[in-house]
Amino acid sequence: MRFEYLPRVWDDAWGFLVKENLAPVWVGELGTKLQTEADRQWLQTLTRYLVDQRVGFAFWSLNPNSGDTGGLLQDDWTSVHTAKQALLAPALAPPIP
């Protein structure tokens with residue numbers, strides 16, 4: 001599956017607000033269980049778009065028992081889901097020292 005068309009969809013739906021400097025945009029509650037290659041490609045495409053457009057976001061959720069997206073933590077509630085973290089990393093701010 002290819003996702004090159006998605007930036008055009010996002011531009012038409014809400015990206016134009018940022019591109020035309022009409023309003024700030026913050027994308028809330030995005031997420032994926034990251035169970036398929038399509039899930040990985042979608043998250044990678046969205047992350048690249050968010051970085052390119054300088055759009056903030058929140059991943060839903062931190063806890064691993066979120067039924068629709070899973071979380072950023074593994075089932076032990078302490079280990080990070082490294083595959084998700086790696087795909088989100090380009091869009092994350094650096095750690096505060």
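Just so you know, all these numbers are worked out from the coordinates, no wet-lab data involved. Predicted model, so just to flag it, every value in this text is computed and none were measured. Glycine also receives a Cβ, built like all others from the backbone with ideal geometry; neighbour counts cover every protein chain displayed.
Using a simple spin-label model with pseudo-atoms 7 Å out from Cα toward Cβ, Gln44 and Leu92 lie 1.8 nm apart. In a DSSP loop and with at most 10 other Cβ atoms within 10 Å, the trypsin sites (Lys or Arg not before Pro) in region 1-74 are Arg2, Arg54.
Summed over qualifying helices (DSSP H, 4 residues or more, each -39500 (n - 2.57)) and divided by its residue number, the chain shows a 222 nm mean residue ellipticity of -9500 deg cm²/dmol.
Qualifying GluC sites (Glu not before Pro) in the chain, where qualification requires a DSSP coil assignment and no more than 13 other C-beta atoms within 10 Å, comprise Glu4, Glu20.
Given (1) 1.03; (2) 1.13; (3) 1.71, which label gives Cα Rg over 2.2 N^0.38 Å as computed from the coordinates? Answer by label: (2).
Listed from fewest to most Cβ neighbours within 10 Å, the set Asp52, Asp12 follows the order Asp12, Asp52. Of the chymotrypsin sites (Phe, Trp or Tyr not before Pro) in region 26-97, the ones in a loop by DSSP (not H, G, I, E or B) with at most 13 other beta carbons within 10 Å are Trp77. FRET efficiency for Ser79 and Val27, Cβ-Cβ distance as r, R0 = 35 Å, nearest 0.05? E between Ser79 and Val27, to the nearest 0.05, is 0.85. Computed from Cα atoms, the angle from the helix 37-53 axis to the main principal axis of the chain rounds to 50 degrees. About its Cα centre, the dipole of the chain is roughly 200 debye, where the only charges are +1 on Lys and Arg Cβ and -1 on Asp and Glu Cβ.
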